[in-house]
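Accompanying notes for the structure given below.
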Amino acid sequence: MEAAGIYEDFYYLAENAGITDFLHDQREQYLLLTNTFVQNFHFHARRSPPTVEFHLYDEHKEMTLYDFCEVCKLPYEGSVEEPRPRDVEAFIDEVTIGERRKVSKARVDSLHFPVLRYYSLFAGRCLIGHGESGGLSAPDLAILRHALLRDRTFSLGAMVAKRLSLNRTKCPIFGGIFASRLARRF
């Protein structure tokens with residue numbers, strides 16, 4: 001990032017998003033721990049308070065979304081509802097060049113600046129665990145808006161929890177950093 005000249009800008013976005021502690025707390029990741037964690041992860045947004053449940057190896061755990069965010073070093077504030085395409089339609093026009101496909105089919109390579117592309121790829125891969133990070137979904141754009149404009153309309157922690165819950169059957173296994181942080185806590 002330094003050679004590309006985007007290091008400071010990337011960390012500015014990370015600071016705006018409230019994830020600098022997330023970036024600095026690197027943990028060992030273990031395949032079996034990650035696998036059992038991801039395959040059994042569930043997010044319950046409609047409970048009061050919202051909760052997550054998962055396995056750490058063979059132990060079942062349940063905790064509030066707030067506690068999950070604290071342990072995983074993710075911002076909690078904002079709505080736990082899933083961002084919809086209409087919620088980020090105006091934003092996509094501000095950050096892309098000639099993107100006519102709109103939210104559901106927009107691509108990372110249409111973002112204006114390299115730092116926005118890199119941050120979007122980082123968020124897609126490291127935060128919400130996309131197997132392929134070339135597309136821009138409503139959560140991807142909400143995360144980018146969270147970082148660029150400090151927009152806390154949607155909870156970053158809830159978006160991560162929702163994606164972990166959805167990704168368990170859809171794509172390669174991502175989430176080892178979260179599993180390691182939770183294992184350390186328990």
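The values are calculated or read from the model by the stated rules, or taken from the named source; none is laboratory data. None of these values were measured; they are calculated from a predicted model. Positions of Cβ are generated from backbone atoms using ideal geometry, with glycine treated the same way; all protein chains shown enter the neighbour counts. Remember, those area values only see protein heavy atoms, side chains included, never the ligands or the DNA or RNA. Shrake-Rupley method; radii C 1.70, N 1.55, O 1.52, S 1.80 Å.
Brief remarks on what is shown
- For the chain, built as a Gaussian network whose Cα springs stay under 10 Å, the top-fluctuating residue of F22, F41, F154: F22
- Charged-residue dipole, Cβ positions (Lys, Arg, Asp, Glu), region 109-186 about Cα centre, Debye nearest 20: 400
- Exposed-loop-free span, longest in the chain, where trypsin sites (Lys or Arg not before Pro) count as exposed if DSSP calls them loop and at most 10 other C-beta atoms lie within 10 Å: 101-169
- Simple point charges give the picture: +1 on the Cβ of Lys and Arg, -1 on the Cβ of Asp and Glu, and for the chain a dipole about the Cα centre of about 580 debye.
- Considering only alpha-carbon pairs that sit under 8 angstrom and 6 or more positions apart, the relative contact order computed for the chain is 32 percent.
- Max mean-square fluctuation residue, GNM over the chain, Cα-Cα springs under 10 Å, options S48, S120, S155: S48
- Mean shadow area of the chain, taken as a quarter of the surface of its Cα convex hull (nm²): 10.1
- Where Rh is the Kirkwood radius over Cα pairs, Rg/Rh for region 115-186: 0.97
- Estimated D of region 59-106 in µm² per second, where Rh is the Kirkwood radius over Cα pairs and Stokes-Einstein applies at 10 °C, 1.306 mPa s: 117
- Nearest-10 value in Å² for the accessible area of L32, using the 1.4 Å probe: 110
- Kirkwood Rh (inverse of mean 1/r, distinct Cα pairs), region 1-87, angstrom: 15.4
- Normalising the Debye intensity of region 30-131 to I(0), with uniform scatterers on Cα atoms only, and taking log10 at q = 0.12, 0.23 Å⁻¹ returns -0.57, -1.24.
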